[in-house]
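What follows is calculated from the coordinates using simple rules that are stated; it is not laboratory data. What you see is a predicted model; the values in this text were computed from it and never measured. For neighbour counting, all protein chains shown are included, and Cβ atoms are generated from backbone atoms with ideal geometry for every residue, glycine included.
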Amino acid sequence: MPPHDRAAESAATAKPSRRRHVIVWIAAGVVVLLAILIATRMIAAHRRAEEAMQQKAAPIPVSAAAVRQGDLGVHLDALGVVTPLQTVTVRSRVDGELQELHFTEGQVVKQGDLLAVIDPAPFEAALERIHLFEPPPESVWMVG
C-alpha cells in the first residue's frame, strides 16, 4: 500500500474515534449536570422539611379568658360536596298560584301535613262551568 493511502486510512479511522470521544464527554457532562440539579433539589427539599418541623415544634401562644355561659358557634370553611342521605321531591297535583306557605325551610314535616295553599279560584270556575253544562237530574224530566 502506498504511504499516502495509509495516511488517508488512519485519518478516516481517527475522525469517528474523535467524534465518539466528543459524544461521550457531552453525555458525561449532561449526566454530571443532572446529578448536580437533583442533589440541589433534594438538599432544598430537606431544608424546607427541617424548617417546617422547627415551626411545628415552636410553642403556641395561649391566652386566658373569663368563664361565661353561651353558645359556641362552630364554623367550617371548606370546599366540598354535601350529599344528603335521603331526598324528596315535593310537587302539587295541580298547577296554580301559591297563596300561603305553612312551613319554613329546614322544618321537619310529616306525610299529610299542609304545606301550601294554592289559589282555588280557577278550579272553582271550572267546577261552575261543569255544573252549567251538566244535564238536569232525571227526576225533573219524569212526568208522574
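A few remarks follow.
- The packing ranking of peptides 33-40, 101-108, 68-75, highest mean first, is 33-40, 101-108, 68-75, where packing means the average number of other beta carbon atoms within 10 angstrom of each residue.
- Theoretical FRET efficiency, 1/(1+(r/R0)^6), r = Cβ-Cβ of V82 and I43, R0 35 Å, to 0.05: 0.20
- Distant-in-sequence amide H partners of F103 (H built 1.01 Å from N, under 5 Å): none
- Cα-based convex hull volume of region 72-139 per residue, rounded to whole Å³: 192 Å³
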